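Here is the structure we will look at, set down as structure tokens.
The values are calculated or read from the model by the stated rules, or taken from the named source; none is laboratory data. Note that the structure is predicted; figures quoted are calculated from it, not measured. Note that we place each Cβ from the backbone using ideal geometry, even for glycine, and neighbour counts take in every protein chain shown. We work out accessible area using only protein heavy atoms, side chains counted, and drop any ligands, DNA or RNA first. Shrake-Rupley method; radii C 1.70, N 1.55, O 1.52, S 1.80 Å.
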Amino acid sequence: MLIPLDYYRILGLPIQATAEQLQQAHRDRTLQLPRREYSEVAIVARKQLLDEACAVLSDSDGRKAYDASFLAKTYDRESEAALEAKHQRSKTSASTATVLQDAGETAAAEPKALDAAPDPHTPSIEIDDNQFVGALLVLQELGEYELVQKLGRPYLNNGSIAIAEGRFGDKELVRPDIVLTVSLACLELGREQWQQGQYEKAAKSLEAGQELLLRESLFPSVRGEMQADLYKLRPYNILELLSLPEEKVAERRKGLQILREMLQERGGIDGSGDDRSGLGIEDFLRFVQQMRKHLTSSEQQALFEAEAGRPSAVATYLSVYTLLAQGFAARQPSMIRRAKLMLMQLGRRQDVHLEKAVCSLLLGQTEEASRALELSSEKEPLAFIREHSQDSPDLLPGLCLYAEHWLQEEVFPHFRDLANQPVSLKDYFADPKVQAYLEALPLEAETANEWVVVQPRSGKPPGRLQPTAGRSPAAVPPPSGKQGASTVTLTPVPTGASTSASGPKSPATAAVPRPGAPVSLPTATARQHPDSTAKQRRRKNSGRSGASGKGLTGDLVDRTRTKASQISAKVKSMPRNRLAMFLVAGVLSLLFLWLILSLLASAIQALSGPSLQGEQAVVGLEAPPIEIPTVSVAPEPSAAASGAMTEEAARDLVQSWLSAKAAALGPNHAVEELKQVLTEPALSRWQLMAEAQQRNNAHQRYVHKLQVNGVTTNPTNPDRVQVDTQVSEKAEVFDRDQPVSSRNENLRVRYDLIRQEGEWRIMDWQVIK
């Protein structure tokens, strides 16, 4: 039987090796035993080949004869350097597809696989049949992985007559040895292809070896090594598959499927589950950022919206990015509106006011955009916005410039189909579809956060997920990266060389207003409503709504002042005779009112009886002038009425609030139920939120579970109580009866209760992390 091997390669020596080097190589190779899974048959056959190579090359006459035959085959037309190159090429010449095709050969072709004459220019040696397993093992150790599969697989398919007849030795030992050698060749070939960046080929090689071991039910430890490598290979494989042209539909779909499997095992993008890839939370976030540029906006929308329902804060944030990008690029403001609804969820724990401002701007809600900017704590973007709004009564010029730059530099580059698409707010607002939608969109009141108002951050927190625009994406960390937990804060900041303390510079080609120049948006941006004239007057008088920092309260004060000025103007415009008539009527009304009050006072005095005059009788309890009836014992007041709030009463009150919340934000929008359980300041916030969702045809459906952990009465004020609870909330968000997102949270909430006129109400609450 001929095997494509030579004695020098068996010992791992060049042809110029000395006698001492031959002896040393023989000792080293003999001591380097193969894996413990090999049987004694394979180990003995390997040693026979090592001994035979050493014996032939150690004998001077035998070495000369062997060298003459060896050189006749290899150096007749090639130099020694070309030979070395040929040895290297032989490792990678056959493709994986050829290997798999060879794997399908039938047992009938087995004798031809070995007995066929080898390449005349490739050295070969004659071996006994019982040395075949040893020869495969030597080829495996030399890195001839594809050759091992080509020679060994035919004997494993459909049962081998040669193995069954004992041609290569004991069949109970030989077959497992061949299986082990071929599977190890798959393992090492996969690792070699991995290092070469051929990730899909590497996955196929590892899967082929795994399938062989599963079919033979052998060597679970080796199969475990392959599975571990496949887990670590998945991020690389995903990147390679998703980066293929969009015409490669099946391959890209496979990449998305592998990604979903990883996400399921991790429990989401920011989940703490173990997908055995070796990527910690921060590493996986970087991988997701690197992967996004290979996905289209529609692919990202389907992926991240599904992930947001786990719930996942990162997926929700990425869904907002996707909806914003798609809505702007496709001129569909309805998608931007959905993004704004999702930001309501993030706003309970994250400062996303800057993103809300951009959404409001793109929806033509300029006053709400200004209010959102007031609440944002993003210092650099706000500095940039203020710098480019210096000559304007509000921040709209800077916000327009920032939004355009942000979409162009931070949002669009992360989408395969939008990376090279230009951004123009002017073109967006000039689109007839956008104008029609914005004209039909009702005014939105400022929506309150459902659980707690996020306070401005004092600094940039660690673990922040930032867009990678302006810098090359971080490479996927090595598979050995350690798992680790981190706090992820989801707020975009301008990055890259164009960002400084004063904010990002304007793109040279962007069709945006000049810095400091007033912005004139299309009519769809500042939609005309019945009170639009009053709004314009307010902006002229006070700069912008809530500019003094009062927020919504400042806006209400402005409206009150406007109403008063309108009444004053009407009075001044009246004719003098009409004004005199109104004054006379007013005086008569006052006189009439005084007369009525006087009569009422007299009547009350008469009803109270005559006044006591002269000497008064001595009245004592021991001799009462009239019999004092026995006072019946009244029933004991309830704990809630007496001021001693119990856990049971507190639970009933909080449960009433959760029911009122579900009714007010539900499909029937029963806003009036909030008054039965809430008081200020929570009542105003929730009325605004419920009314805004009703106008926008949005609603939510809730399922709550409540547990009261304790009740604490204020020691200085018995009318104030704090209730510590555990609230489980499942919610589905709908936009025009279409589901937008869902969440499932378990929160610890501390409610502040107050007793007003004998009734307990909820003032406010906060989420305790």
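For (1) under 28 Å from the mean Cα position of the chain (by Cα); (2) within 30 Å of Pro442 (Cβ to Cβ), each residue gets a yes or a no:
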position: Glu673; (1), (2): no, yes
position: Met689; (1), (2): yes, yes
position: Thr712; (1), (2): no, no
position: Arg743; (1), (2): yes, yes
position: Tyr751; (1), (2): no, no
position: Gln756; (1), (2): no, no
position: Glu759; (1), (2): no, no
position: Gln766; (1), (2): yes, no
Inset, instruction - Please specify each residue of the range 744-760 satisfying the condition of being under 30 Å from Ser312 (Cβ atoms), of a type outside the set (D, E, K, R) and open to solvent by 40 Å² or more (accessible area, probe 1.4 Å). - result: Asn744, Asn746
Inset, instruction - Scan the range 360-367 and give yes if some residue there is under 16 Å from the mean Cα position of the chain (by Cα), more than 20 Å from Leu407 (Cβ to Cβ) and open to solvent by 20 Å² or more (accessible area, probe 1.4 Å), otherwise no. - result: no
Legend entry - Failed condition for Asn697, given (1) at pLDDT below 90; (2) buried (at least 17 other Cβ atoms within 10 Å of the Cβ): (2)
Inset, instruction - Residue by residue through the range 347-358, note down the ones that are modelled with pLDDT of 90 or more and either closer than 11 Å to Cys400 by Cα or open to solvent by 10 Å² or more (accessible area, probe 1.4 Å) (or both). - result: His353, Lys356, Ala357, Val358
Legend entry - Number of the exception - Met763 against (1) within 16 Å of Lys661 (Cα to Cα); (2) of a type in the set (A, V, I, L, M); (3) surrounded by fewer than 15 Cβ atoms within 10 Å (Cβ to Cβ): (3)
Legend entry - the range 382-398: number of residues that are touching a Leu at 6+ places or on another chain (Cβ under 6 Å) and assigned to a helix (DSSP H, G or I): 1
Inset, instruction - Sort through Pro381, Pro393 and tell me the only one that's modelled with pLDDT under 95 and open to solvent by less than 10 Å² (accessible area, probe 1.4 Å). - result: Pro381
Legend entry - Scan of the range 284-302 for residues that are part of a helix (DSSP H, G or I), open to solvent by less than 20 Å² (accessible area, probe 1.4 Å) and not hydrophobic (A, V, I, L, M, F, W, C), ordered by number: Gln289, Arg292, Ser297, Gln300
Legend entry - Flag for Phe328 being more than 19 Å from the chain's Cα centre (by Cα), under 29 Å from Gln257 (Cα atoms) and touching a residue at least 24 places away in the same chain (Cβ under 8 Å): yes
Legend entry - Test: residue in the range 42-55 that is farther than 26 Å from Leu180 by Cβ and either modelled with pLDDT of 60 or more or out of contact with any Pro (no Cβ under 9 Å at 6 or more places or on another chain) (or both): yes
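Any residue in the range 410-420 that is in contact with an Asp or Glu (Cβ under 7 Å, 6 or more places away or on another chain), at negative phi and open to solvent by less than 10 Å² (accessible area, probe 1.4 Å)? Before you say what the answer is, go through the steps one by one.
Step one: list which residues in the range 410-420 are in contact with an Asp or Glu (Cβ under 7 Å, 6 or more places away or on another chain), which gives none.
For the range 410-420, residues in contact with an Asp or Glu (Cβ under 7 Å, 6 or more places away or on another chain), at negative phi and open to solvent by less than 10 Å² (accessible area, probe 1.4 Å): absent.
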